[in-house]
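For reference, the structure is listed below as structure tokens.
The values are calculated or read from the model by the stated rules, or taken from the named source; none is laboratory data. Here the structure is a predicted model, which is why all the values come from computation and not from measurement. Cβ sites come from the backbone with ideal geometry, for glycine too, and all protein chains shown count toward neighbours. Protein only, heavy atoms only, side chains kept; ligands, DNA and RNA dropped before computing areas. Shrake-Rupley method; radii C 1.70, N 1.55, O 1.52, S 1.80 Å.
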Amino acid sequence: GCAVLSMSSKQKIVTRDSTEAELVGLSDKLMCVVKCYDFLAAQGMDMPVPKVLQDNTSTITLVTKGGGKYRTKYLRVRQAFVKECCEDAAVTIHYIPTARMLADMLTKPLQGVLFRELARRVTGQ
């Protein structure tokens, strides 16, 4: 019931739309998720398959069902890597609405009710 890994970083490549940006972020951080899972499993912990939350339905479709056209081969490679992880059951990708995405606390300047709600959920109060 607690976060094992929280991080925020800049993307190293330029993207043209939100689907590409989400795909780049997902592929960059997915290796960290798999490494953490493997480490904890090696310590003898019995855990379910890691669940990765995503708020972009187009990105979820690309990495679970495939398809799409990409500007570069690098984006195709990223999509293939995430799709392979999903097919091998190394991770599962789940949709969560943007308003409930805790990661937004680390990446966006939030204010008002949304900020207070996410802050309450992060601190567990």
Tally up the carbon and sulfur contribution to the accessible surface of segment 68-112 as a whole percent, 1.4 Å probe, everything protein left in place.
56
Can you pull the percent of segment 1-42's accessible area that's carbon plus sulfur, 1.4 Å probe, other chains left in place?
58
For residue 102, residues with placed amide H under 5 Å, excluding near neighbours
none
Can you work out ³J(HN,Hα) from phi for every residue in segment 4-14, in order, using Karplus 6.51 cos²θ - 1.76 cosθ + 1.60 and θ = phi - 60°, giving whole Hz and x for Gly and Pro?
9, 8, 9, 7, 9, 7, 7, 7, 8, 10, 8
Ratio for the chain, C-alpha Rg to 2.2 N^0.38 Å, reads 1.12
With every protein chain present, what is the per residue accessible area of segment 3-81 (1.4 Å probe, Å²)?
68
Any trypsin sites (Lys or Arg not before Pro) in segment 40-80 that lie in a DSSP loop and have at most 10 other Cβ atoms within 10 Å would be 69, 71
When the helix-only estimate is applied to the chain (DSSP H runs of n ≥ 4, each -39,500 (n - 2.57), divided by the residue count), what is the mean residue ellipticity at 222 nm, nearest 500 deg cm²/dmol?
-16500 deg cm²/dmol
Can you give me the Cα centroid spacing of segment 13-36 and segment 49-125 in angstrom?
9
